[in-house]
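Here is the structure we will look at, set down as structure tokens.
The values are calculated or read from the model by the stated rules, or taken from the named source; none is laboratory data. Since the structure is predicted, the reported quantities are computational estimates derived from the model, not experimental observations. Positions of Cβ are generated from backbone atoms using ideal geometry, with glycine treated the same way; all protein chains shown enter the neighbour counts. Heavy atoms of the whole protein, side chains included, go into the accessibility calculation; ligands, DNA and RNA do not. Shrake-Rupley method; radii C 1.70, N 1.55, O 1.52, S 1.80 Å.
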Amino acid sequence: MAKLILHTRPDLDAIKERRLQENLALTHQERLKKAFELMRLSLLFKNGVIKKPQGKGFVLKFK
């Protein structure tokens with residue numbers, strides 16, 4: 001379940017450290033689930049694909 005955290009002090013380093021510690025406390029499975037939930041939320045805000053293909057780059061083929 002999502003939670004809203006209101007920071008009363010604008011100490012960005014403390015906020016970053018807290019987020020890092022909370023993320024490291026999660027298991028690998030929970031971190032992946034959280035990442036996919038954030039991706040889904042991004043899609044809801046964008047109403048489309050996350051990134052449009054630009055036709056540049058390399059194509060990797062694995063045998």
Name the residues in the range 1-21 that are under 20 Å from Leu41 (Cα atoms) and either among the acidic types (Asp, Glu) or surrounded by 10 or more Cβ atoms within 10 Å (Cβ to Cβ) (or both), would you?
-> Arg19
Within the range 43-53, identify whether any single residue is at pLDDT 75 or above and either assigned to a loop (DSSP other than H, G, I, E, B) or open to solvent by less than 100 Å² (accessible area, probe 1.4 Å) (or both), and answer yes or no.
-> yes
